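To start, the structure under review is shown below, and the notes come after it.
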Amino acid sequence: MLPSDPPVLFWILTAVHLLGLVGAVLARSREGSSGNVLCLTFFLACLLLVGLTTMAFLRMPSGAGVFSGFTLGAMIVGTTCEFRRSPSTSVA
């Protein structure tokens, strides 16, 4: 059961969102390194946590679950998109 105190809910959501975004950044920044498996495992655990938080908070009358959905989407897009520039192939 979720606590009903608004400040407690705010800090729970803030901590979960920050943890999720940190997990996404770590997963991207450690790509190809020796700690890649550990960071990916941490990211997947954070993804599960944010997803469960989204489902739990969607029933709240304040609509707080919507922000968890945004964080979930940002985590997925941030880890699957390729932001590096590809080498340009110029035809001479």
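The values are calculated or read from the model by the stated rules, or taken from the named source; none is laboratory data. Just so you know, these numbers come straight off a predicted model, no measurement behind them. Note that each Cβ is placed from the backbone with ideal geometry, even for glycine, and that neighbours are counted across all protein chains shown.
Do we find a residue being crowded, with 18+ Cβ neighbours inside 10 Å and touching a helix residue (DSSP H, G or I) at 6+ places or on another chain (Cβ under 9 Å) anywhere in region 32-40?
Here is the first cut: in region 32-40, the residues crowded, with 18+ Cβ neighbours inside 10 Å are 39.
Remaining after also requiring touching a helix residue (DSSP H, G or I) at 6+ places or on another chain (Cβ under 9 Å): 39.
Yes - at least one qualifying residue is present in region 32-40.
Working only within region 43-64, note down all residues that are within 21 Å of T80 (Cα to Cα) and either over 12 Å from the mean Cα position of the chain (by Cα) or surrounded by fewer than 18 Cβ atoms within 10 Å (Cβ to Cβ) (or both). The answer is L44, A45, L48, L49, G51, L52. M60 satisfies every condition listed in (1) modelled with pLDDT under 85; (2) assigned to a helix (DSSP H, G or I) except (2).
Are any of the residues in region 15-24 surrounded by 15 or more Cβ atoms within 10 Å (Cβ to Cβ) and modelled with pLDDT under 90? There is no residue in region 15-24 that is surrounded by 15 or more Cβ atoms within 10 Å (Cβ to Cβ) and modelled with pLDDT under 90.
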